[in-house]
Amino acid sequence: MRRSAAPSQLQGNSFKKVKFIPPGRSNPSPDEEITKMSPDVKLLQVAANKNTFLQLQNNTQICSLNLPTDGSAREINHGHNYNGKHCLEASVMATLDPPHTVHSAPKEITVPKRQEEEEPDSLVKYFSVVWCKASKKKHKKWEGDAVLIVKGKSFTLKDLEGKDIGRGLAYKFKELEKIEEGHRVMIGGKEVEVMGIISPDDFNSGRCFQLGGGSLAISSSSQAAKKCFSNPFKSVCKPSSKENRPNGFQDCKPRHDPHAQNNNHQWMFNKNCSPIVDVVIDPYLVYHLRPHQKEGILFLYECVMGMRVNGRCGAILADEMGLGKTLQCISLIWTLQCQGPYGGKPVIKKTLIVTPGSLVNNWRKEFQKWLGSERIKIFPVDQDHKVEEFIKSPFYSVLIISYEMLLRSLDQIKNVKFDLLICDEGHRLKNSAIKTTTALISLSCEKRIILTGTPVQNDLQEFFALIDFVNPGILGSLSSYRKIYEEPIILSRQPSASEEEKELGEKRAAELTCLTGLFILRRTQEVINKYLPPKIENVVFCRPGALQIELYRKLLNSQAVRFCLQGLLGNSPHLICIGALKKLCNHPCLLFNSIKGKECSSTWDENEERSLYEGLVNVFPADYNPLMFTEEESGKLQVLLKLLAVIRELRPTEKVVLVSNYTQTLNILQEVCRRHGYAFTRLDGQTPVSQRQQIVDGFNSKYSSDFIFLLSSKAGGVGLNLIGGSHLILYDIDWNPATDIQAMSRVWRDGQKHPVHIYRLLTTGTIEEKIYQRQISKQDLSGAVVDLTKTSEHIQFSVEELKNLFTLHESSHCVTHDLLDCECTGDKDHTGDSLEKVPISRNCQLGPHHQKSSSLKPLSMSQLKQWKHFSGDHLNLTDPFLERIRENVSFFFQNITNQSTVI
Ligand SMILES: Nc1ncnc2c1ncn2[C@@H]1O[C@H](COP(=O)(O)OP(=O)(O)OP(=O)(O)O)[C@@H](O)[C@H]1O
Ligand SMILES: [Mg+2]
């Protein structure tokens, strides 16, 4: 029989194909490769083996990067530093349950119930097959590889993208048991020939689809990290034919020693057979590097050099905020720009760093901080420094540009040959359709790094986009990824999932984590905790003012709210109601402004906003002037003022970062600063990008007289260092815990000299408490919230939830505490069991075994219970700041991290 054009004939069947050869690259036959192995290369290996191979040394002065040329180097890299760890590290990123969209899962088998009962599970078998349309032709022209699942008496045929392409029933039971290679079956109009057996493990993990899908160039199994330096020829078998497989497929032996020295990297990158030299990081930098940063640089080096995944040069560094991703990249750039493993020749000449506009100058400053101005010539693009200048001058090696400017200068940038591309805050590339992503994809640079402090596995499709950006095609096409990974994983997380579906989903998730863990690294804040001062976090429940309560009641009685509670959510009136309540919590004058603004507006939506605001204006005093607002009208504002006063008094040299999500609220806070003579500076969405760094530097400077930094968290939170402030007050709460966490991370980071105090202000019994509960309750950590781009518009509310949201709890000191099932009455310091005893539960797209605690994760209810907590009436408050504000506070939660750190 001739099997012309069947893919299997060219490369062996799907699970026998050569591994580690990325799609698109030629896949030379093993024999060809072996004959190419020149004596020179062997000599070179000997030379290489004599080299002191590259390890991260404990000596802070020397940090050299490994070049994997022999087995020992392999062990150092992956046995010691990363083996298995990456799967673990990568897993830490995942935080959330599956997104709300539920995809229909591929149904493996549909067998009538009665049959299923008769057939034992052990009869599920998997085969790799080739298929073609049924015909009477003698010489078959096979059309493709596929996976055949035989369960009981039923067949399912899946193509290598995971799609069902055929189903069948019948066959006698005994015959089914005998299926082996060479066997032919007819399924749904297709003729199928069995090529080999697939182990359940290979099927469950999805590996049997990978290579044939033209996707993964990575070794199989959880040992992937270790194997990525193994011989690329190791899995090679001759195309299947009965002659050379006398004992059946499973006895098939590799033709070449899988443990032989790996020269693959050299084959690809050292064609001139240059001598191998150690790549050593500048001791000037090493002196400052933290251990996790040394590890991170080694990781980035291995990724961009194509050492972790053969021929793939992308990486995602997803360290939590403040871990010094910038310094790690600067070290990498400086190292690669000066040297390389082959003949010492530099690996890169030009680097492109794309970053949010507000951070262009931060990058410049960091380069200056760590390398001074002489070593490396960087070119930050701003109004006065255009890309043309960079292009014309051979002087500069690093171009730093904002995402917006990149789009405008794309044509010019495309003409420059960049060897390394770094995308800071790169989670924005999670949408492959947006212009920025397509622009960056169009750049030919192979070595790509995404930096992000935000977890990247919240949404499996966004995850795919990020992975596909750094290592294009590594997960195959989006459609095959969906079938093989996303759908089974999501399905397995549904409450209705069967055991089988759960197992499959978990295995696929584990496999995906392992594969991507080779080039994703995430470390949590804990690795730098020991370098940081203590952090005292407080959740402060502020009693609402009398006017606030009256207006709140009135709003809840409005027709608009009643409509919402009847489930009439057509034009999203609930969002308008929520917005009004939130404004009221910040200050009644904001609500007043909205009412007046709408009265004058011709676009006032008759049905919704009018019915919400009806009669409200009468609750305000007749001569109410929002510009003359008083501080007593808002519970939170009163607390804020007392807090500012006590900070000023007790810590006269310390500064405060005051955060709100709303510009209008910042206006009020600014007015309050003015009234009380507090010097302030402000950064919000309107602040020109060119001025942002200056404002930040000004505040951080010890010579600055500014006491307060007014920050709009959404506008400018990401990436900023505000270590000049040691008190951070979150004036309002966002639905999305990530926004708040981002803001909080601005002050508690490397370089902070003082103990950090964080105050989160919530109005007792109101919607703010509900949002907080939603943030921290496990159930609500689902897809919609932990992502900076998601807002309340993305959250679906049931009528029940709205009922709860639209309730004012006037008699409670703290509804959140009431919900904790805590026995205490809040009359003394109360802390539950030690925090360690409480399992920290995090929901993760990639499964339960990928969970790890982290200080930057949203709290869970059970964790909150472990915080010290007490009511405002508590007599002996030891914290002098809390003591001063207690009068307006009904309840406190407090947690101290790093209490023992000596600063
Ligand atoms: N080894 C170090 N020693 C001292 N300071 C350091 C070190 N590494 C980084 N820093 C400082 O820590 C601060 C935070 O670093 P960086 O801005 O790079 O964090 P990041 O990981 O990018 O965080 P984000 O996700 O918030 O952007 C910077 O001021 C940086 O200079
Ligand atoms: Mg950063």
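The residue that is nearest to ligand 1 (Cβ to nearest atom), counting only those in the range 274-295 that are surrounded by fewer than 16 Cβ atoms within 10 Å (Cβ to Cβ) and assigned to a loop (DSSP other than H, G, I, E, B), is HIS288.
Looking across ASP419, ASP459, ASP424, one residue alone is touching a residue at least 40 places away in the same chain (Cβ under 8 Å), buried (at least 16 other Cβ atoms within 10 Å of the Cβ) and either more than 22 Å from LYS349 (Cβ to Cβ) or of a type in the set (Ser, Thr, Tyr) (or both). It is ASP459. The residue that is modelled with the highest pLDDT, counting only those in the range 784-810 that are exposed (fewer than 15 other Cβ atoms within 10 Å of the Cβ) and acidic (Asp, Glu), is GLU810. Among the numbered criteria (1) crowded, with 20+ Cβ neighbours inside 10 Å; (2) within 16 Å of ligand 2 (Cβ to nearest atom); (3) over 19 Å from the mean Cα position of the chain (by Cα), which one does GLU320 miss? Every condition holds for GLU320 apart from (3).
Any residue at all in the range 362-369 that's more than 14 Å from ligand 1 (Cβ to nearest atom) and in contact (Cβ under 8 Å) with a residue 40 or more places away in the chain?
If we filter the range 362-369 for residues that are more than 14 Å from ligand 1 (Cβ to nearest atom), which is where we start, we get none.
No, the range 362-369 contains no residue that is more than 14 Å from ligand 1 (Cβ to nearest atom) and in contact (Cβ under 8 Å) with a residue 40 or more places away in the chain.
Answer yes or no: is there a residue in the range 527-535 that is surrounded by fewer than 19 Cβ atoms within 10 Å (Cβ to Cβ) and within 16 Å of ligand 2 (Cβ to nearest atom). There is at least one residue in the range 527-535 that is surrounded by fewer than 19 Cβ atoms within 10 Å (Cβ to Cβ) and within 16 Å of ligand 2 (Cβ to nearest atom).
Say we look at the range 717-733 and pick out the residues that are aliphatic (A, V, I, L, M) and in contact with a Gly (Cβ under 9 Å, 6 or more places away or on another chain); which of these is nearest to ASN667 (Cα to Cα)?
Restricting attention to the range 717-733, the residues satisfying the condition of being aliphatic (A, V, I, L, M) are 718, 720, 722-723, 728-730, 733.
Now restrict to residues that are in contact with a Gly (Cβ under 9 Å, 6 or more places away or on another chain): 718, 723.
Numbers: VAL718: 21, ILE723: 23 Å.
So, considering only residues that are aliphatic (A, V, I, L, M) and in contact with a Gly (Cβ under 9 Å, 6 or more places away or on another chain), the one nearest to ASN667 (Cα to Cα) is VAL718.
Could you check how many residues of the range 425-475 are assigned to a loop (DSSP other than H, G, I, E, B) and within 16 Å of ligand 2 (Cβ to nearest atom)? Qualifying residue count for the region: 6.
Within the range 476-488, the only residue that satisfies the criterion of being hydrophobic (A, V, I, L, M, F, W, C) and either without any contact (Cβ under 8 Å) to a residue 12 or more places away in the chain or surrounded by 24 or more Cβ atoms within 10 Å (Cβ to Cβ) (or both) is ILE484.
Here the range 371-401 is the region considered, the condition is being touching a residue at least 12 places away in the same chain (Cβ under 8 Å) and in a strand (DSSP E or B), and the residue that is surrounded by the fewest Cβ atoms within 10 Å (Cβ to Cβ) is ASP382. For first residues located in the range 280-292 and over 15 Å from LEU332 (Cβ atoms) and in the same structural domain as GLY344 (by TED's automatic domain parsing), partners that are away from ligand 2 (no atom under 16 Å from the Cβ) and modelled with pLDDT under 95 and lie 6+ apart or on another chain with Cβ distances below 6 Å form the pairs PRO283/GLN61; TYR287/THR60.
In the range 519-552, which residues are basic (Lys, Arg) and modelled with pLDDT under 95? Can you show your working first?
Residues of the range 519-552 that are basic (Lys, Arg), as a first pass: 522-523, 530, 535, 543.
The answer is ARG522, ARG523, LYS530, LYS535.
If I ask for residues that are within 16 Å of ligand 1 (Cβ to nearest atom) and assigned to a strand (DSSP E or B), which ones from the range 742-767 would you list?
Let us first name the residues in the range 742-767 that are within 16 Å of ligand 1 (Cβ to nearest atom), namely 742-754, 756, 758.
The answer is VAL756, ILE758.
For ILE422, the conditions (1) assigned to a loop (DSSP other than H, G, I, E, B); (2) within 16 Å of ligand 1 (Cβ to nearest atom); (3) closer than 22 Å to ILE474 by Cβ all hold with the exception of (1). In the range 665-698, the residue that is surrounded by the most Cβ atoms within 10 Å (Cβ to Cβ) out of those that are in contact (Cβ under 8 Å) with a residue 60 or more places away in the chain and more than 31 Å from the chain's Cα centre (by Cα) is LEU669. Looking across the range 402-419, the residues that are away from ligand 2 (no atom under 16 Å from the Cβ) and part of a helix (DSSP H, G or I) come down to GLU404, MET405, LEU406, LEU407, ARG408, LEU410, ASP411, GLN412, ILE413, LYS414.
Which of the following residues is of a type in the set (A, V, I, L, M) and within 16 Å of ligand 1 (Cβ to nearest atom): ILE576, ILE595, ILE528?
On the way: ILE576 fails: within 16 Å of ligand 1 (Cβ to nearest atom); ILE595 fails: within 16 Å of ligand 1 (Cβ to nearest atom).
Result: ILE528 is the single residue among ILE576, ILE595, ILE528 that is of a type in the set (A, V, I, L, M) and within 16 Å of ligand 1 (Cβ to nearest atom).
Among the residues of the range 338-370, those that are hydrophobic (A, V, I, L, M, F, W, C) and not in a strand (DSSP E or B) comprise CYS338, VAL347, ILE348, LEU359, VAL360, TRP363, PHE367, TRP370.
In the range 581-601, the residues that are of a type in the set (D, E, K, R) reach residues that are in a helix (DSSP H, G or I) with C-beta atoms within less than 7 angstrom, at least six apart or across chains, in these pairs: LYS582/ILE767; LYS583/LEU590; LYS583/LEU591; LYS583/SER594; LYS598/GLU609; LYS598/TYR613. Taking the conditions exactly as written (within 11 Å of ligand 1 (Cβ to nearest atom), part of a helix (DSSP H, G or I) and in the same structural domain as ILE353 (by TED's automatic domain parsing)), does CYS329 satisfy them or not? Yes: the conditions hold for CYS329. Of all residues in the range 370-394, those being more than 15 Å from ligand 1 (Cβ to nearest atom) and closer than 24 Å to PRO283 by Cα number 6.
Among the residues of the range 345-359, those that are at pLDDT 95 or above and either within 14 Å of ligand 1 (Cβ to nearest atom) or under 17 Å from HIS385 (Cβ atoms) (or both) comprise LYS350, THR351, LEU352, ILE353, VAL354, THR355.
Here LEU336 passes the criteria (1) over 20 Å from VAL689 (Cα atoms); (2) within 13 Å of ligand 1 (Cβ to nearest atom); (3) touching a residue at least 24 places away in the same chain (Cβ under 8 Å) except the one numbered (2).
The values are calculated or read from the model by the stated rules, or taken from the named source; none is laboratory data. Keep in mind it's a predicted model, so treat the numbers as computed, not measured. Note that we place each Cβ from the backbone using ideal geometry, even for glycine, and neighbour counts take in every protein chain shown.
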